[in-house]
Amino acid sequence: MEKVAIGLLPPLRFIAAIAVVSWTSFIYYHFSLLSGGLLQLGHGRDDSADPCRGRYIYVHDLPRRFNADILRDCRKTSDHWPDMCGFVSNAGLGRPLVDRAGGGVLSGEAGWYGTHQFALDAIFHNRMKQYECLTNHSAVADAVFVPFYAGFDFVRYHWGYDNATRDAASVDLTQWLMRQPEWGRMGGRDHFLVAGRTGWDFRRDTNINPDWGTNLLVMPGGRDMSVLVLESSLLHGSDYAVPYPTYFHPRSDADVFRWQDRVRGMQRRWLMSFVGAPRPDDASNIRAQIIAQCNASSACSQLGCAFGSSQCHSPGNIMRLFQKSTFCLQPPGDSYTRRSVFDSMVAGCIPVFFHTATAYRQYTWHLPRDHAAYSVFIPDRDVRAGNVNIEATLRAIPAAAVERMREEVIRLIPAVIYADPRSKLETVKDAFDVAVEGIIDRVDMARGGYGRSWLRPKQSSHQALDAKRRKLI
């Protein structure tokens, strides 16, 4: 028996060696499939050292009819499409501002443009072209971007067309996407696009008006993707609110820091201000009461935006007023949200909200959960009933608390602006960066993960950013 056992040892050793080699080969092959693309894109570095780990985005190469051709028809005025050519110039930023009254502070040279509030489709797409973690290998992508100009498509066929025509491009898009191999991986749940209008503009079947908007967000394919909108419908889980474009599009970190320092040092002549038009046909809207209270106060200034007035069409007038105001009144307009919220914050003005859906329930990626840290809330029902004096409410806030709120608003400026797509910020994260992180986290959770914030490089500390600011200015 002993001789037999001894005779078996070489075969056993051989089998064990084969098992070790096979297992090692399996492990190597397995992880090569998972991370080979990342290693290749990371220039041969170890995956743990790859700054793009967990941040890769694949961009669909859509046919031109879904984006470039839509902008090509920007002068299609005969079919109710307004002349948008000026607004989509300069990578979607619009024409550069000329600031004769302000000494060039709000000029194109300083990063200020006449940006249309619904131009985000083009701005975001052009910013994506500069994104540092793009990949041509869809298999390693953490999310898939679809550069369809849904907002511009809404406008060109909104007036004077039937619903089939309004939906034609969206149907064409979703059918195209569902034929692509990338779609099959998660059934579209890792795809996202930007529709630079309110979410309600793309949910016609759920609107009161059966002829308003397209059905992009409720049709097969469209409802499976994540969609970035300027105002979420709040009732559905696939559309996420991102800030409206403002007039400010910095080209560098130094541009951001200089502007923050400027608004921090502004003399605030007015306690409060309001920019907006009344809504006489909407009995539930409180703008009439706000305008009346502002007119009755020597501490309030406003720009009239009634029909025929040009005051609200001048970015310079709007921004100069906001820079001189401590508080900016932000009641709902045609919908809950307003572009003015972000214009006022860029000016360092503390927003005063009257409805929770104007900001608190919308921009959860971009604004703090501690709403009182950067804003004031006055319930609209109290204003409507005449039970509150806005000026008295604001004067009752201690000066130290006002300073803290203003400093928080100024700190938030980078997160609510879109940098010039033709340039690149270094350490500052803008609204685009924040939105991309939010989308990637959502996709990771759809895969069964917990979000990937822990995989990304940490944002620079306030001390590091201050040091960078002092060096650049």
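Listing for the model above:
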| item | result |
| --- | --- |
| Sparse-neighbourhood loop sites, chymotrypsin sites (Phe, Trp or Tyr not before Pro) in the stretch 98-197 - DSSP loop, at most 15 other Cβ within 10 angstrom | W159, Y161 |
| Net dipole in debye of the stretch 266-413 [+1 Lys, Arg Cβ; -1 Asp, Glu Cβ; about Cα centre; nearest 20] | 220 |
| Among 335-347, 409-421, the order from most to least packed when residues are scored by Cβ within 10 Å on average | 335-347, 409-421 |
| Pairwise FRET efficiency - R262 versus D69, Cβ, R0 = 41 Å, nearest 0.05 | 0.50 |
| For peptides 239-245, 389-395, sequence by mean Cβ density within 10 Å, most packed first | 239-245, 389-395 |
| Extreme residue, positive dipole direction of the stretch 57-241, given options F202, V218, N136 (C-beta unit charges) | N136 |
| Test item: Cα-centred dipole of the stretch 117-254, Lys/Arg +1 and Asp/Glu -1 on Cβ, debye | 120 |
| Two-site label geometry, D205 and T427: point separation in nm, points 7 Å out along Cα→Cβ | 5.0 |
| Contact order relative to length of the stretch 194-263, as percent, for alpha carbon pairs under 8 angstrom and 6 or more apart | 25 |
| Globularity ratio of the stretch 266-413, using Cα Rg and 2.2 N^0.38 Å | 0.96 |
| Neighbour-count order for I397, I286, fewest beta carbons within 10 angstrom listed first | I397, I286 |
| Gained length - S298 relative to V218, 0.36 nm times residue gap less alpha-carbon distance | 23.9 nm |
| Cα-based Kirkwood hydrodynamic radius, the stretch 306-379, one decimal, Å | 12.9 |
| Rel. contact order, % - alpha carbon contacts under 8 angstrom, at least six apart, the stretch 57-241 | 20 |
| Computed over the stretch 350-390, Cα set: Rg, Dmax in Å | 11.1, 34 |
| Highest to lowest packing among 193-203, 437-447, scored as the average C-beta count within 10 Å | 193-203, 437-447 |
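Since every read-out is calculated from the coordinates, none of them should be taken as a lab result. Since the model is a prediction, treat every value here as computed from it, not as a measurement. Every residue, glycine as well, gets a Cβ built from its backbone with ideal geometry; the counts of neighbours run over all protein chains shown.
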